[in-house]
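The values are calculated or read from the model by the stated rules, or taken from the named source; none is laboratory data. Nothing here was measured: the structure is a model prediction, and the numbers come from that model. So basically every Cβ, Gly included, is an ideal-geometry build from the backbone, and we count neighbours across all protein chains shown.
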Amino acid sequence: MTSDGFVHPSMRIKSTYSNLLEGKRIGLGITASVAAFLSPEIARKLIRHGAEVIPIMTENSLTMVGKDLMWWATGVEPIIHVTGNLEHISMAGVMNKPLDLMIIAPCTTNTLAKISSGIADTSVTLITSSLSGKGIPILLLAVAHQDLIDSPPIQKAITVLRESGAQFIEPIYDEGKAKVPDINDIIFEIFDMLRAKDLKKTSVIITGGPTRSYLDNVRYITNSSSGKTGIELAKNAHIRGAKTNLVLGPTKLNVPRNVDTTRISTSQEMANEVIKLLEVEPQSMVILSAAMADYKVKEKIEGKIKSGDDLKLELIPTIKLSDLIKEKYPKSKLVLFKAEWNVSKDELIESAKNKLAHCNADFIVANDLAEEDAGFETDTNRVLVIDKAGNIKELFSSKFELSEELFNIFSF
């Protein structure tokens, strides 16, 4: 807000995705790379997760992306030259609240070499040097032709910077270039740097998505599920420091590349993978959020069933993974998910409590798929969380924020 009470329109998007970066001040360094056209999108996504973003630009970067564009994107006038306001000192916390993170995205090899050598002749290099001297985290995304990245001086600069504590976002190597990865992966790595690691000593196994029961080599039956809840749970566990394994059924959704993910197809494959992981970590927290197919054909047909004729199928139950966990691994912590359709709240609670007791689970998350803004294909969910003692907590939020709230409950 300015002195005349004007609120910049960029504030209308603040925290519209989550509050995960609420209260965080992030410096976004921009250098003269063609990839600078992505900087406004990076800034806007950080703001949507609650951050305050201060754009810091080299003079040469203005040939790639305009000052006014970054001003529009963030609501903050970009710092292009260090002035009498001593921006490099101020952002290090000498005169006010310091930055929580400095990310340079994109970072040219020229800027990379300068920072490693202590050369501070641009606003980006000067402010980065000052922040580094105060121990403020530095995150770099170096993009360029691969021959530049691979040159011995730049590799030496990267080594020097890593040894001094700077961290790097791994680019995507393609067509002889080091390119910007998916922006969601960039945001996820920022979460990873700034989130407290309160689950550092915890092993978490999460199932997500649907599974398939094949009728022949082409056709299958399945349950509806996007996999979004399982992915969001895995993301949250990872950034909070847990050793996280996601066992994921078929889905079109992307998973952050830093989350250990095993993709499977059938219920048996999912069960086998979970058991294999529990053999290694028998005291894991196991969260069964997948919508596993409940039935399979008694005999799968090889090839492709001829179409056009009536077809009769004999279905038998698939493996019930929820029944096996506590029986085989009693020291694990088991979290179940229970979905019903168009039932009363009392009926949902009774059904969930019966399953909780039957499986000797520690928690169960229950929801009615018929409710508005809840279920498989939505970005939000409305759930009841029930523990062994019968305590019930009702939650409604985005699936991203819901994953945070659920781990706060499960980890207690």
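One residue alone among ALA32, ALA105 is in a loop (DSSP other than H, G, I, E, B) and either modelled with pLDDT of 95 or more or surrounded by 14 or more Cβ atoms within 10 Å (Cβ to Cβ) (or both), and that residue is ALA32. Check region 83-99 and report whether any residue there is farther than 19 Å from SER132 by Cβ, over 20 Å from the mean Cα position of the chain (by Cα), assigned by TED's automatic domain parsing to the domain that holds ASP150 and surrounded by 22 or more Cβ atoms within 10 Å (Cβ to Cβ). No, region 83-99 contains no residue that is farther than 19 Å from SER132 by Cβ, over 20 Å from the mean Cα position of the chain (by Cα), assigned by TED's automatic domain parsing to the domain that holds ASP150 and surrounded by 22 or more Cβ atoms within 10 Å (Cβ to Cβ). In the set (1) over 21 Å from LYS338 (Cβ atoms); (2) in contact with a Leu (Cβ under 7 Å, 6 or more places away or on another chain); (3) not in a helix (DSSP H, G or I), the condition left unmet by ILE206 is number (1).
Would you check if there is a residue in region 215-222 being in contact with a Ser or Thr (Cβ under 6 Å, 6 or more places away or on another chain) and within 14 Å of PHE407 (Cα to Cα)? No; the residues of region 215-222 include none that is in contact with a Ser or Thr (Cβ under 6 Å, 6 or more places away or on another chain) and within 14 Å of PHE407 (Cα to Cα). If the condition is being at pLDDT 75 or above and of a type in the set (Phe, Trp, Tyr), then region 359-388 contributes only PHE363. Would you point out the residue of region 203-251, among those that are among the basic types (Lys, Arg) and touching a Phe, Trp or Tyr at 6+ places or on another chain (Cβ under 9 Å), that is nearest to THR261 (Cα to Cα)? The selected residue is LYS235. Counting only residues that are part of a loop (DSSP other than H, G, I, E, B), exposed (fewer than 13 other Cβ atoms within 10 Å of the Cβ) and not hydroxyl-bearing (Ser, Thr, Tyr), region 158-199 holds 6 of them.
Quick grid of which residues meet (1) touching a Ser or Thr at 6+ places or on another chain (Cβ under 7 Å); (2) surrounded by fewer than 16 Cβ atoms within 10 Å (Cβ to Cβ); (3) assigned to a helix (DSSP H, G or I); (4) not hydrophobic (A, V, I, L, M, F, W, C):
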residue	(1), (2), (3), (4)
ALA237	yes, no, yes, no
LEU253	yes, yes, no, no
PRO256	no, no, no, yes
PRO282	yes, yes, no, yes
ALA293	yes, no, no, no
ILE305	no, yes, no, no
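The condition of being in contact with a strand residue (DSSP E or B) (Cβ under 7 Å, 6 or more places away or on another chain), closer than 22 Å to THR16 by Cα and in the same structural domain as PHE337 (by TED's automatic domain parsing) holds for only one of PHE396, PHE400, PHE363, that being PHE396. Regarding region 116-132, can at least one residue be identified that is surrounded by fewer than 19 Cβ atoms within 10 Å (Cβ to Cβ) and in contact with a Leu (Cβ under 8 Å, 6 or more places away or on another chain)? The answer is yes; a qualifying residue exists.
A quick yes/no check of all residues on (1) within 20 Å of ALA234 (Cα to Cα); (2) among the charged types (D, E, K, R); (3) crowded, with 16+ Cβ neighbours inside 10 Å:
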| position | (1), (2), (3) |
| --- | --- |
| ASP310 | no, yes, no |
| PRO317 | no, no, no |
| PHE337 | yes, no, yes |
| ASP346 | no, yes, no |
| ASN360 | no, no, no |
| LYS388 | no, yes, no |
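A quick yes/no check of all residues on (1) at pLDDT below 95; (2) over 17 Å from MET292 (Cβ atoms); (3) charged (D, E, K, R); (4) in the same structural domain as LEU402 (by TED's automatic domain parsing):
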position: THR229; (1), (2), (3), (4): yes, no, no, yes
position: HIS238; (1), (2), (3), (4): no, yes, no, yes
position: LYS243; (1), (2), (3), (4): no, yes, yes, yes
position: VAL247; (1), (2), (3), (4): no, no, no, yes
position: THR251; (1), (2), (3), (4): yes, no, no, yes
position: PRO256; (1), (2), (3), (4): yes, yes, no, yes
position: ARG263; (1), (2), (3), (4): no, no, yes, yes
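When LEU126, LEU199 are screened for being aliphatic (A, V, I, L, M) and more than 30 Å from MET270 (Cβ to Cβ), only LEU126 passes.
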